[in-house]
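Student: Okay, handing you the structure first.
The values are calculated or read from the model by the stated rules, or taken from the named source; none is laboratory data. Quick caveat, the model's predicted, so the values are computed rather than measured. Every residue, glycine as well, gets a Cβ built from its backbone with ideal geometry; the counts of neighbours run over all protein chains shown. The accessibility values were calculated without ligands, DNA or RNA, using every heavy atom of the protein model including side chains. Shrake-Rupley method; radii C 1.70, N 1.55, O 1.52, S 1.80 Å.
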Amino acid sequence: TNIGLTLGGGTQGLQASGSTYGIHAGGGTADVFLGGTDGVITAGTYSSSGLILNSNDSVEVHLDNNDDIAVTNFSIYDSADSAVFSISEDGDLACDGCIGDEDILDNSLTAAEVDPYGGIYSTKEALYVNTESIMLWQGYCGELNVTCNDANDLPLQGIFSLPGEIPNEIHTQESISDWTNNTSPAEYTVSVCNGSSGDVTISVSIVCITKN
């Protein structure tokens, strides 16, 4: 049968230890071969048992080596035995927390799901400006606020403008809100009091990038 050594009996077929290696094997196409339906390596049942792979070069995982299964996966499971990370043999990636995490293991992630705009700054159509304007009469105060279209859109700049130079009699106060909050659209607000001798038109804008 060309088997050099056979061990059987007991709960542990082989127990080995050494100052450098517990077991050292070399030769053939595989230094260690695990037979059966599943080849299982277990780190132990201790509370702090870990499994460590040390390599002086690459670590390679060959899936479906005999090419007899349609799609196989390299997966990582949590303590509840649920897949939290998976790469299929054709390169599809799924993970708990990734975009499209509801598609774990079904290999349905598409380029559009990963980034519908092909990169946030890859198209000018992703950039937009929202503007509000009012006529503010002499001696009156007013407030203008503008927001991005969606809570996930990225605010870049708030802009306040008047026709011509701003006279000393125009008093303004600017504020931003929800620029770091993903539950509400980013907002830019300007409060203005017109103490000049005439009516003025006030414009307030926010510059945003569409993210979703």
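Student: At a probe radius of 1.4 Å, what is the per-residue accessible area of Leu53, in Å² to the nearest 10?
Tutor: Number for this one is 140 Å².
Student: Taking only the alpha carbons of region 1-84, what extent do you get along each of the three principal axes, in Å, biggest first?
Tutor: 37, 36, 33
Student: Ranked highest first by the average count of other Cβ atoms within 10 Å around their residues, in what order do 19-28, 69-78 fall?
Tutor: 69-78, 19-28
Student: Excluding ligands and nucleic acids, what accessible area in Å² is computed for Glu174 using a 1.4 Å probe, to the nearest 10?
Tutor: Glu174 exposes around 110 Å² with every protein chain in place.
Student: Then there is this: In nm, to one decimal, how far is the Ala80 label point from the Ala25 one, both placed 7 Å along Cα→Cβ?
Tutor: Rounded to a tenth, the inter-label distance reads 3.7 nm.
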